[in-house]
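Right, one structure below, let's go through it.
The values are calculated or read from the model by the stated rules, or taken from the named source; none is laboratory data. Predicted model only: the values in this text are computed from it and were never measured. A quick note on method: Cβ atoms are made from the backbone with ideal geometry, for glycine too, and the neighbour counts reach across all protein chains shown. All accessible areas refer to the heavy atoms of the entire protein, side chains included, with ligands and DNA or RNA removed. Shrake-Rupley method; radii C 1.70, N 1.55, O 1.52, S 1.80 Å.
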Amino acid sequence: MNDVPVEILLLPHGAGLPLPTYQTKDAAGCDLAAAVAEDAPLILPPGGRALVPTGIAIALRSGFEAQVRPRSGLAVKFGVTVLNAPGTIDADYRGEIKVPIINHGDTPFTITRGMRIAQLIVAPVTRAIFVEVEALSETGRGAGGFGSTGISE
């Protein structure tokens with residue numbers, strides 16, 4: 001496991017909330033908390049979506065990205081997930097991390113201050129060098145698309 005320093009700025013509306021936290025020794029993602037007002041929880045109706053503030057901004061080193069991913073517990077128990085999963089935070093972004101959440105469940109879902117709403121994963125970036133060619137190498141699959149490798153029953 002490689003530790004990577006990440007500078008973090010706690011914004012005024014994030015005061016008192018925990019910084020992103022790994023819940024176990026081997027966790028890949030750390031939890032992001034909702035920075036909604038204590039007296040104004042966010043209620044997502046079924047099918048509703050919202051951009052949820054976290055009250056933090058980060059500065060990643062060049063060559064790294066942060067991914068915002070859903071929390072499996074929210075998805076399984078309530079049908080609530082990150083809308084554009086995974087979302088990417090580039091190394092040159094310095095604004096607040098906000099999480100687009102959608103309620104795929106059947107009942108309204110309430111997001112309260114400090115609720116763990118998503119995970120943040122910091123990862124190295126590999127950039128491709130695209131090289132135009134006249135033809136691609138052959139494979140057994142070829143141009144077969146979705147479902148072309150067989151369906152498990």
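Assorted remarks:
- Solvent-accessible surface of protein heavy atoms, probed at 1.4 angstrom with all chains present, puts V52, V122, V76, V133 in the order V76, V133, V122, V52, largest first.
- P(r) for the chain, from all Cα pairs and a bin width of 5 Å, is 2, 8, 15, 17, 15, 12, 10, 8, 7, 4, 2, 0, 0 %, short bins first.
- Unit charges on C-beta of K, R, D, E only; dipole of the chain, Debye: 380
- Sparsely packed trypsin sites (Lys or Arg not before Pro) within segment 1-67, loop by DSSP, other Cβ within 10 Å at most 10: K25
- Note that segment 17-30 has calculated 3J(HN,Hα) couplings of 8, x, 5, x, 10, 7, 7, 9, 4, 9, 5, 7, x, 10 Hz, one per residue in order, obtained from phi through the Karplus relation 6.51 cos²θ - 1.76 cosθ + 1.60 (θ = phi - 60°); glycine and proline are x.
- Between V133, I111, A123, the Cα set farthest toward the positive side of the dipole of segment 92-138 (charges on each charged residue's Cβ, about the Cα centre) is that of I111.
- Leading residue at positive end of dipole, the chain (Cβ point charges), from F146, Y93, C30: C30
- Sites A37 and A91, calculated FRET efficiency, Cβ-Cβ separation with R0 22 Å, nearest 0.05: 0.10
- The slack between F146 and L10, meaning 0.36 nm per residue of separation minus the straight C-alpha distance, is 44.6 nm.
- Accessible heavy-atom area order of E65, E7, E134, highest first, probe of 1.4 Å: E134, E7, E65
- Evaluated at q = 0.19, 0.22, 0.26 Å⁻¹: base-10 log I(q)/I(0), Debye formula over Cα of segment 84-153: -1.01, -1.09, -1.28
- In order along segment 112-128, the phi-based Karplus estimate (6.51 cos²θ - 1.76 cosθ + 1.60, θ = phi - 60°) of 3J(HN,Hα) comes to 10, 4, x, 4, 6, 10, 6, 10, 10, 10, 9, 9, x, 9, 10, 9, 7 Hz; Gly and Pro are listed as x.
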